[in-house]
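Undergrad: One structure, as structure tokens, below. Some questions next.
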Amino acid sequence: MSVDKYAADLDGPLQAIASRIRQIMMLSAPGVTEAFKWNRPVFENNGPFAYVLANEHSVSFGFWRGIDIRDAYGLLHDVDGKIQHVEYTSADEINTQALADYIRQAIELNNVLGDPTQGLE
């Protein structure tokens, strides 16, 4: 499956959320690549750093090294002790400034620390 197909298959409000996240990503980090891995869209720069995952009522935007991101906006929630995410039920909830900040920090962490999936396979 492609990232475009994943997003297109989402219901209206969820599609709008995913579209807005992708738009912010491309504006904040134009060199980032998108891939469909682990059954979700993944954003990569020196390895994966963020993902989008939709469920029935919301869309999560998560960060592999979320625990290391300075969360000045208080939006991140713990997933597993390392990964943290923001969960949205409406595109109107998205704080563009916060997301752009998280994206820049996540990319910088990958640039300094390398691919977070190295040695996990």
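Undergrad: Averaging sequence separations of C-alpha pairs under 8 Å and six or more residues apart, then dividing by the length of the chain, give the relative contact order as a whole percent.
TA: Relative contact order of the chain: 26 percent.
Undergrad: Still on this structure, please answer the following. Just to confirm the number: angle between the C-alpha axis of helix 96-113 and the first principal axis of the chain, 0 to 90 degrees, nearest 10?
TA: Its long axis makes an angle of about 30 degrees.
Undergrad: Rounded, prolate or oblate: which fits segment 21-121, taking a ≥ b ≥ c as square roots of the Cα gyration tensor eigenvalues, rounded meaning a/c under 1.5, else prolate when a/b beats b/c?
TA: Judged from the Cα gyration tensor, segment 21-121 comes out rounded (a/c under 1.5).
Undergrad: Relative to the longest principal Cα axis of the chain, at what angle does helix 12-28 sit, 0 to 90 degrees, rounded to 10?
TA: It works out to around 40 degrees.
Undergrad: Out of the total accessible area of the chain (probe 1.4 Å, heavy atoms of protein only), what percent is carbon and sulfur?
TA: In the chain, the share of accessible area belonging to carbon and sulfur is 48 percent.
The values are calculated or read from the model by the stated rules, or taken from the named source; none is laboratory data. Values in this document were obtained by computation on a predicted structure and should not be read as measured data. Ligands, DNA and RNA are stripped out before the accessible areas are found, and what is left, the full protein with its side chains, is counted by its heavy atoms. Shrake-Rupley method; radii C 1.70, N 1.55, O 1.52, S 1.80 Å.
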